[in-house]
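The values are calculated or read from the model by the stated rules, or taken from the named source; none is laboratory data. What you see is a predicted model, and the numbers here were worked out from it, not measured in a lab. Using ideal geometry, Cβ is built from the backbone for each residue, glycine included, and neighbour counts are taken over all protein chains shown.
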Amino acid sequence: MSAKHILLIDDEPEIREIVRVSLELVGGWDVSATGSASEGLTLAADQRPDAILLDVMMPDMDGPTTFQALQAAPETCAIPVILLTAKVQSADLRRFDQLGVAATIAKPFDPLTLPSQVATALGW
């Protein structure tokens, strides 16, 4: 069985590196990453990853807007999306849940438990 492929869309280079190392070394998954929401939309359509980890606050297009664009495209609408965010107030979490994302993971997160959080959220 081939490894799961995760697409990470986050504008912070340090977060991209931590998540990549965590998911590759601890989770055993393949990870591709970008710091741009618009590039992430293109990569998602081209690569068809098994799941997408998506930052909520990004400069070019925020996470909820990016998620809606993913949902609107036939080639990406079935890809589960997990939001990564520092916005964890109950009102924010309710809003994210209403979007229809698979899960929301709070920043900062523990890199050693991130793969199990992702696997649990996606039923892997």
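Restricting attention to segment 108-124, which residues are touching a Lys or Arg at 6+ places or on another chain (Cβ under 9 Å) and not in a helix (DSSP H, G or I)?
Once the filter is applied, which keeps residues that are touching a Lys or Arg at 6+ places or on another chain (Cβ under 9 Å) and not in a helix (DSSP H, G or I), segment 108-124 yields only TRP124.
Quick one: which of ASP50, ASP62, ASP55, ASP46 is acidic (Asp, Glu) and in contact with a Lys or Arg (Cβ under 6 Å, 6 or more places away or on another chain)?
ASP50
Say we look at segment 38-91 and pick out the residues that are polar (S, T, N, Q) and touching a helix residue (DSSP H, G or I) at 6+ places or on another chain (Cβ under 9 Å); which of these is modelled with the lowest pLDDT?
Of everything passing the filter in segment 38-91, THR85 is modelled with the lowest pLDDT.
Can you find a residue in segment 76-94 that is assigned to a loop (DSSP other than H, G, I, E, B), among the acidic types (Asp, Glu) and free of Cβ contacts under 8 Å to residues at least 60 places away in the same chain?
No, segment 76-94 has no match at all.
Do you know which of the residues in segment 1-11 that are aliphatic (A, V, I, L, M) and under 12 Å from the mean Cα position of the chain (by Cα) is surrounded by the most Cβ atoms within 10 Å (Cβ to Cβ)?
This residue is ILE9.
How many residues, within segment 20-36, are closer than 22 Å to LEU70 by Cβ, touching a helix residue (DSSP H, G or I) at 6+ places or on another chain (Cβ under 6 Å) and part of a helix (DSSP H, G or I)?
Selection size over segment 20-36: 1.
So which residues in segment 41-56 are out of contact with any strand residue (DSSP E or B) (no Cβ under 7 Å at 6 or more places or on another chain) and of a type in the set (A, V, I, L, M, F, W, C), if there are any at all?
Answer for segment 41-56, where residues must be out of contact with any strand residue (DSSP E or B) (no Cβ under 7 Å at 6 or more places or on another chain) and of a type in the set (A, V, I, L, M, F, W, C): LEU41, ALA45.
Of all residues in segment 12-35, which are in contact (Cβ under 8 Å) with a residue 24 or more places away in the chain and surrounded by fewer than 16 Cβ atoms within 10 Å (Cβ to Cβ)?
GLU12, VAL21, VAL26, GLY28 - these are the residues of segment 12-35 that are in contact (Cβ under 8 Å) with a residue 24 or more places away in the chain and surrounded by fewer than 16 Cβ atoms within 10 Å (Cβ to Cβ).
Yes/no per residue for (1) assigned to a helix (DSSP H, G or I); (2) closer than 23 Å to TRP124 by Cβ:
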{"residue": "SER38", "(1), (2)": "yes, no"}
{"residue": "ASP46", "(1), (2)": "yes, yes"}
{"residue": "ILE52", "(1), (2)": "no, yes"}
{"residue": "ASP60", "(1), (2)": "no, no"}
{"residue": "GLN71", "(1), (2)": "yes, yes"}
{"residue": "PRO74", "(1), (2)": "no, no"}
